[in-house]
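Below: one structure, written as structure tokens.
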Amino acid sequence: MSSQAEPKETPVPPMFEPYRLRGLELINRVVVAPMGQYACDDGTPNDWQLVHLGSRAIGGAGLIIGEMCNVAPEGRVTPRCSGFYKDEHIAPWKRVVDFVHEVSDAKIGIQLGHAGRKGATKVMWEGQNQPVDEGGWPLLSASAIAYSNESTVPEAPDRAKMDMILEQYRRASERAVEAGFDMLELHGAHGYLPSSFISPISNQRDDEYGGSLENRMRFPLEILDVMRGALPDDMPLGIKISASDLTEGGNEIDDGVEISRMLKAHDAVDYICPSGGGIVPWGGQPRPRPAGFAEYAHRIRHEVGIPTMAVGNINTAKEVNEVLENGDADLVALARGHLRDPYWTLHAGLELDYDGQPWPNRYFTVPRLARMKRENPDAEGQ
């Protein structure tokens with residue numbers, strides 16, 4: 001475990017303030033965002049996940065959320081994606097969770113998802129969103145509308161297949177609990193299966209699951225119900241949404257606010273992480289502005305009255321603190337920042353001259369020497 005440095009009598013930077021999420025106590029507001037690693041065989045995590053997530057836990061983040069973990073083999077984005085679709089996945093994921101808990105003060109969650117019409121594609125560096133050359137699988141989506149001209153046309157699930165999907169989410173949630181994860185997040189954004197029901201671009205159903213926004217939200221809420229029912233009462237459950245589809249004919253941020261109101265009224269999630277786009281290929285869609293989707297998080301937090309997690313193109317300690325000081329969000333998730341530097345949070349503490357962030361005992365010489373140098377900058381040999 002970490003040892004607590006001697007605190008200075010200075011204000012605590014917002015990013016280092018603790019936060020309670022349902023029954024989970026976080027030591028700070030920094031979150032490692034879920035990042036697909038495409039390193040698994042048949043969904044099974046291995047040493048890559050141990051090192052990737054373990055190093056970011058040692059690096060000081062309050063919460064780590066593992067990559068989108070698929071609830072069914074046909075729900076994978078690529079053949080190398082992670083999974084929780086069989087019991088054999090529990091032990092290797094538990095190995096990662098136990099390591100994080102043993103060596104750090106971080107909490108660790110996992111993001112559950114289903115690729116929907118964006119599945120059976122190559123890994124990112126071989127052709128993002130390009131269908132696999134061989135070994136693909138049938139796809140499911142809200143309607144039988146392909147993601148792109150090159151993509152496989154998915155099947156629109158009937159009630160029986162929707163019930164099958166709900167059972168897959170339920171079992172995956174139970175497996176995540178058995179593996180010891182501290183919280184779960186539903187990936188309901190970026191055009192994946194839940195998102196395909198929410199967006200009018202991919203959902204053109206004429207039954208009770210299509211048409212109005214209320215109808216399009218019906219199946220994602222059913223997914224959240226089965227996930228919430230599989231978790232202990234004090235275990236947090238969050239959701240990532242596309243608060244805007246960022247393309248003509250799709251949901252816009254005003255719709256994202258209404259989606260968030262429905263989520264709050266349903267009383268299944270503890271926070272909302274608003275993102276955007278992904279419902280159609282990125283061409284022509286605006287990338288996140290500086291501070292990413294913090295503006296979306298701000299509107300949802302204040303207009304809906306539910307905790308939010310800001311994400312997207314947030315990279316520096318200054319930006320993280322500004323998001324929190326502005327009241328945009330309660331938590332801030334960084335992806336690329338943590339890819340560049342697994343110890344982002346520890347280094348942010350040094351940058352901000354803040355001694356209250358715990359360092360691992362084995363690394364404690366670093367903040368001690370930094371403090372000595374501040375107190376005696378002319379000393380030699382430091």
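Which of the residues that make up region 252-266 are closer than 16 Å to ALA189 by Cβ, in contact with a strand residue (DSSP E or B) (Cβ under 9 Å, 6 or more places away or on another chain) and without any contact (Cβ under 8 Å) to a residue 60 or more places away in the chain?
Filtering region 252-266 for residues closer than 16 Å to ALA189 by Cβ gives 252-253, 255-260, 262-263.
From what's left, in contact with a strand residue (DSSP E or B) (Cβ under 9 Å, 6 or more places away or on another chain): 252-253, 255-257, 259-260, 263.
GLU252, ILE253, ASP255, GLY256, VAL257, SER260, LEU263 - these are the residues of region 252-266 that are closer than 16 Å to ALA189 by Cβ, in contact with a strand residue (DSSP E or B) (Cβ under 9 Å, 6 or more places away or on another chain) and without any contact (Cβ under 8 Å) to a residue 60 or more places away in the chain.
Of everything in region 323-346 that's touching a residue at least 40 places away in the same chain (Cβ under 8 Å) and farther than 29 Å from VAL304 by Cα, which residue is surrounded by the most Cβ atoms within 10 Å (Cβ to Cβ)?
THR345
Just one of (1) among the charged types (D, E, K, R); (2) in a loop (DSSP other than H, G, I, E, B); (3) in contact (Cβ under 8 Å) with a residue 60 or more places away in the chain trips up LYS240, so point out which.
(2)
On the given criteria, is THR10 over 29 Å from THR308 (Cβ atoms) and either part of a loop (DSSP other than H, G, I, E, B) or touching a strand residue (DSSP E or B) at 6+ places or on another chain (Cβ under 8 Å) (or both)?
no
Taking only pairs six or more apart or across chains, which ones have beta-carbon atoms under 7 Å, a first residue in region 61-85 that is surrounded by fewer than 24 Cβ atoms within 10 Å (Cβ to Cβ), and a second residue that is modelled with pLDDT of 95 or more and among the β-branched types (Val, Ile, Thr)?
TYR85/VAL71
Just for region 123-163: of the residues that are in contact with a helix residue (DSSP H, G or I) (Cβ under 6 Å, 6 or more places away or on another chain) and hydroxyl-bearing (Ser, Thr, Tyr), which one is surrounded by the most Cβ atoms within 10 Å (Cβ to Cβ)?
Here the answer is SER141.
Report yes if some residue within region 271-287 is of a type in the set (D, E, K, R), closer than 25 Å to LYS118 by Cα and modelled with pLDDT under 95; otherwise report no.
Among the residues of region 271-287, at least one is of a type in the set (D, E, K, R), closer than 25 Å to LYS118 by Cα and modelled with pLDDT under 95, which makes the answer yes.
Residues that are within 19 Å of the chain's Cα centre (by Cα) and under 30 Å from VAL31 (Cα atoms): find the helices (runs of 4 or more DSSP H) completely inside region 126-219 holding 1 or more of those.
Answer list for region 126-219: 159-179, 193-198.
Would you check which residues across region 227-260 are in contact with a Ser or Thr (Cβ under 7 Å, 6 or more places away or on another chain) and farther than 17 Å from GLY278 by Cα and list them?
Across region 227-260, the qualifying residues are MET227, ALA230, LEU231.
Take the residues in region 126-161 that are among the hydrophobic types (A, V, I, L, M, F, W, C) and touching a residue at least 60 places away in the same chain (Cβ under 8 Å); name whichever of them is farthest from HIS190 (Cα to Cα). Break it down into steps so the answer makes sense when it comes.
Filtering region 126-161 down to residues among the hydrophobic types (A, V, I, L, M, F, W, C) leaves 132, 137, 139-140, 142, 144-146, 153, 156, 160.
Retained after the next criterion (residues that are touching a residue at least 60 places away in the same chain (Cβ under 8 Å)): 137, 139-140, 142.
Details: TRP137: 20, LEU139: 16, LEU140: 15, ALA142: 14 Å.
The extreme case among them is TRP137.
The values are calculated or read from the model by the stated rules, or taken from the named source; none is laboratory data. What you see is a predicted model, and the numbers here were worked out from it, not measured in a lab. A quick note on method: Cβ atoms are made from the backbone with ideal geometry, for glycine too, and the neighbour counts reach across all protein chains shown.
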